[in-house]
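The values are calculated or read from the model by the stated rules, or taken from the named source; none is laboratory data. Since this is a predicted model, take the numbers as computed values, not measurements. Methodologically, a virtual Cβ is constructed for each residue, glycine included, from the backbone with ideal geometry; neighbour enumeration extends over all protein chains shown. Keep in mind that these areas ignore ligands, DNA and RNA; they rest on the heavy atoms of the full protein, side chains included. Shrake-Rupley method; radii C 1.70, N 1.55, O 1.52, S 1.80 Å.
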Amino acid sequence: MAKKKIAVLCTGLAHNTILSILNGMKEASLEREVDLYIFNCYTYTEFSGYPNSTGFSVYRLIHYEDFDGVIILSDLINNLRVLEKERQRILASGKPAVSINYKLEGLGFLRVDTYSAFYEIVEHLIKEHEVKNLVFFSGRENTFENTERYKAFRKAMQDNSIPLSQENIWSIKNGYYNYAYDFAMEKFSTLEQIPDAIVCANDFIALGVLKAAEEKKIQVPQTLKITGCDDIHYSSSVIPSLTTVDGSLKKLGFEAVKYVLNDNRQDVEQIKAEPIFRDSCGCVTGINLSQKLSYLKELDNISQTEAFTSQVDHLEDIFTEATDVFTLLTNLELFLNASHKFEGSDFCIFLKSDWTSVFVNSEENLPQNLNYGEQVQSVISIMNNEKYLREMINTRQLIPSKMKSEKPALYLFMPIYNHSYVHGYYVCKDSLLMMENRFGYTWTRKFGSSIELFRKRNMFKQMSNQFLRLSTNDGLSGLLNRVGLEKLAKPFFDKNKKNGLTSILYFVDINSMKTINDKFGHLHGDLAVKTIASVISSVIPKNWLAIRYGGDEFLILGNNSNYKGEKYEELIAQSIKNKTSIMQLPYNLSASIGNYVVPPTSAMSLEEAIKAVDSIMYAKKQAFHNSEKK
């Protein structure tokens, strides 16, 4: 009997929250022998201030009819347009689905009741610690949690007959540590009176306030009491340890899996959260064993972050240093085969089937493209810590057959993109390491931007080569011009000496050019130049250089690496005769040719060698004119 599959939609910026939920799901999936397909993405704000939501394209990989159930972490996704689109697709599939912490019409609904625990903490501050001046501090995100926590705060204040003014409501751009720290530092510098307590909507805000209080020499909890919510792992390791709410997130994830697999589903199930009273509100003193272990975990986090930074830097270096697509993929494969702690022991990097053309696309900016196409190719494939051959799969297949197993498995998918162009996706098996500390956010963004950097370097290289051709080529003859002599011929000559090669020079001068121009016109003069240039190009070896040195003069520069003693002056003269014999020219077109060689041990410069070969040609030209006079 085939295992059941559950699709999980999330966005991983709140990594502590999501890891707790996913670990609960993982426990339930092992118990029920179910595969979890986790489709995770990240959003960010570009330097222009434009919110980039391209990451949500990873949900386009999902065909809901291929799954047995769907769990959508709606409160974390927090994008109404995306939620509505996926809601309609899920309903159309007819598959059982549950929305977490945010009600979506037609889908099941599970949530953690943090309201009661939050209310209990506020009332605890008022009754047990006799605080009167309380502040509620949250981000401006319009999330279910923020709303519920504010309602609990307001209700506790009302129930205890404490007036609530606008000055007691603090709000920042989003609920991140650094924003909270900056805001609190400013407040502590301007407030005439520090509040008795600051009740924070999440632990990150609370930690930012705690740091600001420390720097402003405000004693916690003696002067100021601080509480948070969510019980992230930092909460117990700081001093003073943080009073907070255990959100029962692991249980939430466990129950979500049971919900979509259970035929007797209820519309709503609430999981009760519990308050945790610690030092920051004045309830517990001293460092306990869990705090000591938390310190050790922080050291592990620092070490792991340093290792991850090094990994990403190496990947970026590979993209920067590669000169072509083959070298890039070879070096990526070699590196990731040897070092893939964060990517996992089983993972694939899939790119769209047209990835080779995209890598060398010369457009200034790639057009918006959020689709993955019908097929994707695994450009990097590591299974059981060993490299596998690259393969093409149908996009709907999602993972290669060899990645599947009989045991319940967890598959994590993340999109690889840059700006609004999706290049492909990353998938790993049985590892959530990319979800920690926003590693996945950094990794996928770096990989996508590195692809664009490589593509732009190729674009500029093509433009540079094109400019070099335009600047070094003679428009009439198609050969190199005098600029080409400086930029290409001189380095070629010096390289011959460095490599121990003999330089071979020919100087070609069209005979009676003045007569052709004067008697038959400059159009015929141009034709004569193009004819001789064409002959030279067709006769000499491909790696030799041909330069239009003057109006009717040509320099040929080669070496003895593929030279077998051919007498090119004779071959050129004969080729001119053969070519002009069918052109019906009103004049006889020929050229005088000089030949000179420069051994690698010679101290002669290219300029001196040109003078030497020019003198030899000039002697032959004089002989030609003397023969014409007879």
Looking for whichever is in contact with a Ser or Thr (Cβ under 6 Å, 6 or more places away or on another chain) and either more than 23 Å from Arg445 (Cα to Cα) or of a type in the set (Asp, Glu) (or both) here; the options are Glu120, Glu65, Glu27. Which one fits?
Glu65
Would you please name the residue that is farthest from the chain's Cα centre (by Cα), looking only at residues in region 529-544 that are in a helix (DSSP H, G or I) and surrounded by fewer than 17 Cβ atoms within 10 Å (Cβ to Cβ)?
Lys530
Just name the residue that is most open to solvent (accessible area, probe 1.4 Å) out of those in region 168-206 that are part of a strand (DSSP E or B) and of a type in the set (A, V, I, L, M).
Ile169
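Residues that are open to solvent by 60 Å² or more (accessible area, probe 1.4 Å) and without any contact (Cβ under 8 Å) to a residue 12 or more places away in the chain: list the helices (runs of 4 or more DSSP H) wholly contained in region 71-167 that include at least 3 such residues. Lay out the reasoning, then the answer.
Details: elements: 74-77, 80-93, 114-128, 144-159.
Passing ranges, in order: 80-93.
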May I ask you to verify whether Phe254 is at pLDDT 90 or above and over 40 Å from the mean Cα position of the chain (by Cα)?
no
Checked Lys217, Lys251 against criteria (among the basic types (Lys, Arg) and part of a helix (DSSP H, G or I)); the one match is Lys251
Region 471-508, subset free of Cβ contacts under 8 Å to residues at least 24 places away in the same chain and not charged (D, E, K, R), residue surrounded by the most Cβ atoms within 10 Å (Cβ to Cβ)
Thr472
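From the list Glu386, Glu306, pick out the single residue that is loosely packed, with under 12 Cβ neighbours inside 10 Å, over 18 Å from the mean Cα position of the chain (by Cα) and closer than 23 Å to Met435 by Cβ.
On the way: Glu386 fails: closer than 23 Å to Met435 by Cβ.
Answer to the selection: Glu306.
Kindly check whether there is at least one residue in region 347-361 that is acidic (Asp, Glu), over 30 Å from Val220 (Cβ atoms) and at pLDDT 90 or above.
The first filter runs over region 347-361 and keeps only residues acidic (Asp, Glu), leaving 354.
Imposing the further condition that a residue be over 30 Å from Val220 (Cβ atoms) reduces the set to 354.
Still in the list and also at pLDDT 90 or above: none.
Checking region 347-361: not a single residue is acidic (Asp, Glu), over 30 Å from Val220 (Cβ atoms) and at pLDDT 90 or above.
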Quick check on region 472-492. Is at least one of its residues of a type in the set (S, T, N, Q) and touching a Phe, Trp or Tyr at 6+ places or on another chain (Cβ under 7 Å)?
no
Entirely in region 545-613, the strands (runs of 3 or more DSSP E) that have 2 or more residues that are at pLDDT 90 or above and open to solvent by 20 Å² or more (accessible area, probe 1.4 Å)
545-548, 591-598
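How many residues does region 616-630 hold that are exposed (fewer than 13 other Cβ atoms within 10 Å of the Cβ) and part of a helix (DSSP H, G or I)?
Of all residues in region 616-630, those exposed (fewer than 13 other Cβ atoms within 10 Å of the Cβ) come to 619, 622-623, 625-630.
Checking which are part of a helix (DSSP H, G or I) leaves us with 619, 622-623, 625-629.
Number satisfying all stated conditions: 8.
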Could you grab me the full set of residues in region 1-60 that are open to solvent by 40 Å² or more (accessible area, probe 1.4 Å) and in a strand (DSSP E or B)?
Lys4, Lys5, Thr45, Pro51
Taking region 572-630 as the region of interest, how many residues are closer than 21 Å to His524 by Cα, small (Gly, Ala, Ser) and touching a Phe, Trp or Tyr at 6+ places or on another chain (Cβ under 7 Å)?
1
Those residues of region 233-260 which are of a type in the set (Val, Ile, Thr) and crowded, with 20+ Cβ neighbours inside 10 Å, in sequence order
Val238, Thr243, Thr244, Val245, Val257, Val260
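Among Asp526, Asp518, which is out of contact with any His (no Cβ under 9 Å at 6 or more places or on another chain), surrounded by fewer than 16 Cβ atoms within 10 Å (Cβ to Cβ) and without any contact (Cβ under 8 Å) to a residue 12 or more places away in the chain? Don't jump to the end; show me each part of the working.
Details: Asp526 fails: without any contact (Cβ under 8 Å) to a residue 12 or more places away in the chain.
One residue alone meets the criteria, Asp518.
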(1) within 21 Å of the chain's Cα centre (by Cα); (2) open to solvent by less than 60 Å² (accessible area, probe 1.4 Å); (3) at pLDDT 90 or above; (4) more than 18 Å from Thr444 (Cα to Cα) all hold for Leu334 apart from (2)
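Does Tyr441 satisfy the criteria of being open to solvent by 10 Å² or more (accessible area, probe 1.4 Å), of a type in the set (Ser, Thr, Tyr) and touching a residue at least 24 places away in the same chain (Cβ under 8 Å)? Steps first, answer last, please.
Details: open to solvent by 10 Å² or more (accessible area, probe 1.4 Å): yes; of a type in the set (Ser, Thr, Tyr): yes; touching a residue at least 24 places away in the same chain (Cβ under 8 Å): yes.
Yes.
Sort through Glu363, Glu391 and tell me the only one that's surrounded by fewer than 14 Cβ atoms within 10 Å (Cβ to Cβ), over 21 Å from Leu9 (Cα atoms) and not basic (Lys, Arg).
Numbers: Glu391 fails: surrounded by fewer than 14 Cβ atoms within 10 Å (Cβ to Cβ).
Exactly one of Glu363, Glu391 is surrounded by fewer than 14 Cβ atoms within 10 Å (Cβ to Cβ), over 21 Å from Leu9 (Cα atoms) and not basic (Lys, Arg), namely Glu363.
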Checking the conditions here, which among Asp518, Asp494 is more than 25 Å from Glu608 (Cβ to Cβ) and among the charged types (D, E, K, R)?
Asp518
